[in-house]
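Reading through the structure tokens given below for one structure.
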Amino acid sequence: MDVDGVDGGDGENTDSGADEPGWDVDPDDESGAAVVATVGRQLKAWREAAGLRACELGAAIGYGEDLIYKVEGGRRIPRPELLDRADEVLRAGGKLAAMKRDVAEARYPKKVRDLAKLEAKAVEVAAYHHHNINGLLQTEEHMRALFAGWLPAYTEGEMDRMVDARMARRSIFDRDPIPLSFVQEEVTLRRPVGGTMVWRRQLERLLEVGKLRNVTIQVMPTSCEEHPGTGGLIEVLKFPDGTAVGRSEGAFSGRPVSDPKQLRILELRYGMIRAQALTPRESLAFIEQVLGET
């Protein structure tokens with residue numbers, strides 16, 4: 001369930017042929033596309049009511065005519081600042097600016113929105129990661145370095161969108177404290193993703209989060225001869241009504257599951273992994289040791 005998704009550059013350009021700031025609409029995301037289409041229709045209605053052509057509105061708010069048409073046509077997700085400027089120029093009284101809340105979720109890939117909604121409802125989160133540091137624990141620099149290494153290469157806009165989506169999920173740490181349990185393979189701590197300084201700041205982030213009262217971070221030593229996590233990541237989210245959802249790369253074809261029998265298998269494996277890993281105190285000491293070696 002640790003899934004994370006596309007944006008133009010940050011600069012402004014009034015050349016109508018330029019690829020301007022905004023996010024592409026995922027054609028497979030019906031709910032997100034519907035929101036963007038609604039926002040686009042409202043923008044067009046306000047523009048026409050003001051007696052402005054698309055090129056005139058674009059010039060007034062610092063964007064190109066082509067982008068205005070794409071937004072109005074529901075083919076481009078507008079950035080918040082575009083809606084703010086359009087609201088002011090078109091004297092919409094805050095009605096266009098208010099749509100930023102609707103657009104905020106649509107800018108993220110659907111699978112990330114779905115995961116974020118589950119995390120927002122969860123009263124307990126447990127996650128074991130073996131290749132990379134869990135997305136909730138990553139620094140922004142670390143995220144960018146990871147995405148930069150993926151093939152085929154992402155555009156800068158795609159990378160920005162995925163990083164924004166993953167950073168937004170970190171709001172889970174700002175909620176009322178819920179138990180958050182993470183187990184990381186030792187190799188994820190020792191891989192210098194992004195270079196030494198990015199690596200160091202990532203280790204410092206782990207130490208910072210690991211000291212929160214509701215968070216436990218444990219390290220699975222590479223020297224451990226037997227452990228049931230060799231099948232891949234395991235994640236389990238539990239909800240207030242007693243239900244849960246889980247996923248593992250090594251079980252049930254990697255699909256999310258909610259059946260109690262299947263969840264017990266994942267919880268059994270995760271429980272054994274936690275038992276074989278270093279204790280939370282030993283793990284923080286180990287992370288400090290790795291940090292000292294960098």
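At pLDDT below 90, in contact with a strand residue (DSSP E or B) (Cβ under 8 Å, 6 or more places away or on another chain) and open to solvent by less than 20 Å² (accessible area, probe 1.4 Å) - does that describe any residue in the range 119-133? Yes, that holds for at least one residue.
Test of understanding: among LYS95, LYS100, which residue is over 27 Å from the mean Cα position of the chain (by Cα) and within 30 Å of ARG170 (Cα to Cα)?
The match here is LYS95.
Looking across THR196, THR188, one residue alone is among the β-branched types (Val, Ile, Thr), modelled with pLDDT of 95 or more and open to solvent by less than 20 Å² (accessible area, probe 1.4 Å). It is THR188.
Evaluated against (1) of a type in the set (A, V, I, L, M); (2) within 30 Å of ARG41 (Cβ to Cβ); (3) open to solvent by 70 Å² or more (accessible area, probe 1.4 Å), ALA98 falls short on exactly one condition, (3).
Inside the range 146-157, residues that are within 20 Å of ARG76 (Cβ to Cβ), outside any loop (DSSP other than H, G, I, E, B) and open to solvent by 50 Å² or more (accessible area, probe 1.4 Å) make up a count of 1. Out of all the residues in the range 105-114, is one or more open to solvent by 40 Å² or more (accessible area, probe 1.4 Å) and closer than 22 Å to ILE234 by Cβ? Yes, the conditions are met somewhere in the range 105-114.
Considering only residues that are hydrophobic (A, V, I, L, M, F, W, C) and under 24 Å from THR188 (Cβ atoms), look in the range 227-251 and name the one that is farthest from the chain's Cα centre (by Cα). Among them, the one singled out is ALA251. Residues that are in contact with a Phe, Trp or Tyr (Cβ under 8 Å, 6 or more places away or on another chain) and either open to solvent by less than 20 Å² (accessible area, probe 1.4 Å) or in a loop (DSSP other than H, G, I, E, B) (or both) within the range 246-275 comprise TYR270, ILE273, listed in sequence order. Would you confirm whether or not the range 217-233 contains a residue that is in a helix (DSSP H, G or I), open to solvent by 10 Å² or more (accessible area, probe 1.4 Å) and touching an Asp or Glu at 6+ places or on another chain (Cβ under 7 Å)? Checked the range 217-233: no residue is in a helix (DSSP H, G or I), open to solvent by 10 Å² or more (accessible area, probe 1.4 Å) and touching an Asp or Glu at 6+ places or on another chain (Cβ under 7 Å).
Being open to solvent by 60 Å² or more (accessible area, probe 1.4 Å) and either at pLDDT 85 or above or part of a helix (DSSP H, G or I) (or both) is the filter here; which residues of the range 172-181 pass it? Passing the criteria: ASP174, PRO177, PRO179. For VAL245, are the conditions met, namely being touching a strand residue (DSSP E or B) at 6+ places or on another chain (Cβ under 8 Å), modelled with pLDDT of 90 or more and either closer than 14 Å to ASN134 by Cα or not small (Gly, Ala, Ser) (or both)? When the stated conditions are applied, VAL245 passes them. Of the residues making up the range 199-216, those that are open to solvent by 40 Å² or more (accessible area, probe 1.4 Å) and among the charged types (D, E, K, R) are ARG200, ARG201, GLU204, GLU208, LYS211, ARG213.
Please enumerate the residues belonging to the range 257-294 that are out of contact with any Cys (no Cβ under 9 Å at 6 or more places or on another chain), closer than 9 Å to VAL219 by Cα and of a type in the set (A, V, I, L, M).
Residues satisfying the conditions are LEU278, LEU284, ILE287.
The values are calculated or read from the model by the stated rules, or taken from the named source; none is laboratory data. Model, not experiment: these values are computed from the prediction. Glycine also receives a Cβ, built like all others from the backbone with ideal geometry; neighbour counts cover every protein chain displayed. Calculation scope for accessible area: heavy atoms of the full protein, side chains included, ligands and nucleic acids excluded. Shrake-Rupley method; radii C 1.70, N 1.55, O 1.52, S 1.80 Å.
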